[in-house]
Amino acid sequence: MALNSTTGMTRRGLLGAFAAAALTSAPTFANAAGFLRGAGDIRRIKMYSGRTGERIDMIYWIEGEYIADAVKEVNYFMRDWRTNDVVKMDLRTVDIMAAAHNLLDVNEPYMLLSGYRSPKTNAMLRSRSGGVAKNSLHMRGQAADLRLSSRSVGQMAKAAAVCRGGGVGRYSGSNFVHMDCGTVRTWGG
């Protein structure tokens, strides 16, 4: 959607320019209080999807405020790619992901394996694997399965667990970490 046809500036371009300016001018405090220690005053999420080929590098929160258009893009990116269903992701999960990524001190984006899952998709995956919960938090938009090629499952899980914001599952055999905003707990190996 073009904002100004004479300049060719798109809404996405404008958000990107705003995000770049915010990154260079706003301070980031690594000693933020609470479970988001490491997230700072600017929260940014970087992901790509091997399933859809899409990428996102988005500042979605600045100085205590979520950026509505950025959050919509995050929700769309984390949709159930099998059914194309989009839900409002629980931003506590996105905050945990951003804080863990910041603690890992990497520039590489997460590879998103699974964000939101429709009940239909969850049932199909459950029929194929014993590791899929019947009442998965993925179906509530409260979980994500993520991978980084530059960090081990153990390193990722440790960073997420330090946030103490929800569940952290280690899936070393499948090379991914589950992060959610449910009850604080850990599992897997």
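The values are calculated or read from the model by the stated rules, or taken from the named source; none is laboratory data. The shown structure was predicted, so the numbers you read here are calculated from the model rather than taken from an experiment. Quick reminder, even Gly has a Cβ in these numbers, built from the backbone with ideal geometry, and neighbours come from all protein chains shown.
Here are a few things to note about the model shown:
- In the stretch 91-189, counting only helices (runs of 4 or more DSSP H) that sit wholly within it, none holds 2 or more residues that are of a type in the set (Lys, Arg) and modelled with pLDDT of 95 or more.
- In the stretch 88-102, residue farthest from ARG151 (Cα to Cα) [restricted to those that are in contact with a Cys (Cβ under 8 Å, 6 or more places away or on another chain) and not charged (D, E, K, R)]: THR93
- Whichever residue in the stretch 154-189 is out of contact with any Gly (no Cβ under 6 Å at 6 or more places or on another chain) and of a type in the set (D, E, K, R) and, among such residues, is surrounded by the most Cβ atoms within 10 Å (Cβ to Cβ): LYS158
- Test: residue in the stretch 138-151 that is surrounded by 15 or more Cβ atoms within 10 Å (Cβ to Cβ) and more than 23 Å from VAL71 (Cα to Cα): yes
- Residue count for the stretch 45-68, restricted to those that are among the hydrophobic types (A, V, I, L, M, F, W, C) and outside any strand (DSSP E or B): 2
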